[in-house]
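Since the structure comes first, as structure tokens, the remarks are kept for the end.
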Amino acid sequence: MDFFTHLFLPIAVVYVLRSELFEHPLAFALAGFAILPDADKIVAVPGGLHSAVTLVPIALVVVGVERGVSGRLRYAPVAVALLYSHLLIDIIDGNFVMLFAPLLETGIQLGYPGDVVLGGEWPIVIQGELLSVAIQEPRPVPGGRGGPGTYAFLKKYGVLSMLVFVLVVSPRFTRE
């Protein structure tokens, strides 16, 4: 999934569900946790931060720091949810994610191979599976638009996510 979708979609959801956390605009910086797993693309371990195993210690540190500094948990649960939203979005998008790397060499990938067929014996028919789940070992994937090591910064869903974010957040700032 592209950078903008990971950035804007989860923070828009959090804003809708927990708008009281955004009394100060700096709270929007929590969105950084939603894109943190993509930092593994910069280091020599691609996919290393796309694992629940490697994200658990990060989540524990975030919770421990807030508990230690303020004595309560207000932002840490949101930061952890944003962190794990990255994995959820990647899985839903059909990307191969190794949820338990480096402990397991297998990962999960969803697909949506079903098609709507119009004009047959029945007016509308779903042909193929609505959902396919693959649990397998990673396979080399040919590079994207720019080859291996190239990732989308912005796609149509990123634009849509950004627009949803603006529509959800802007009424608050136009009222004030």
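The values are calculated or read from the model by the stated rules, or taken from the named source; none is laboratory data. Bear in mind the structure is a predicted one, so any value in this text is a computation, not a measurement. Glycine gets a Cβ as well: all are built from the backbone with ideal geometry, and neighbour counts include every protein chain shown. These accessible areas exclude ligands, DNA and RNA; they are computed on the full protein's heavy atoms, side chains included. Shrake-Rupley method; radii C 1.70, N 1.55, O 1.52, S 1.80 Å.
Heavy atoms only, probe 1.4 Å: what % of the accessible area of the chain goes to carbon and sulfur, would you let me know? Show your work: numbers first, answer last.
Numbers: 7680 of 11070 Å².
Carbon and sulfur together cover 69 percent of it.
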Fill in the blank from the handout: Output for the stretch 59-98: trypsin sites (Lys or Arg not before Pro) sitting in coil per DSSP, at most 13 other Cβ within 10 Å, listed by number, reads 72, 74
Practice task
Give me the compactness ratio for the stretch 1-151, meaning the Cα radius of gyration over 2.2 N^0.38 Å.
Solution key: 1.27
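Heavy-atom accessible area per residue, the stretch 1-76, 1.4 Å probe: how many Å²? If you can, show how the numbers build up before the last one.
Values: 3930 Å² over 76 residues.
Ligands and nucleic acids excluded, the figure is 52 Å² per residue.
For 41, 156, give the ranking by accessible area with the largest first, probe 1.4 Å. Numbers along the way, then the final one.
Values: 41 75, 156 155 Å².
Per-residue accessible area, sorted high to low, gives 156, 41.
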Exercise for the section: Roll a 1.4 Å probe over the protein heavy atoms and report the accessible area of residue 116 in Å², nearest 10. Expected result: 90 Å²
Fill in the blank from the handout: Expected field for residue 167, accessible surface area in Å² at 1.4 Å probe radius, rounded to 10, holds 130 Å²
Problem - Exposure ranking of 85, 70 by accessible area [1.4 Å probe, largest first] - result: 70, 85
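As a test of the formula, what do you get for the chain when each DSSP H run with n ≥ 4 contributes -39,500 (n - 2.57) and the sum is divided by the residue count, at 222 nm and rounded to the nearest 500 deg cm²/dmol?
Details: 5 runs with 75 residues, N = 176.
Helix-only estimate at 222 nm: -14000 deg cm²/dmol.
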Completion exercise
Under a 1.4 Å probe, counting only protein heavy atoms, residue 1 has an accessible area in Å², nearest 10, of 50 Å²
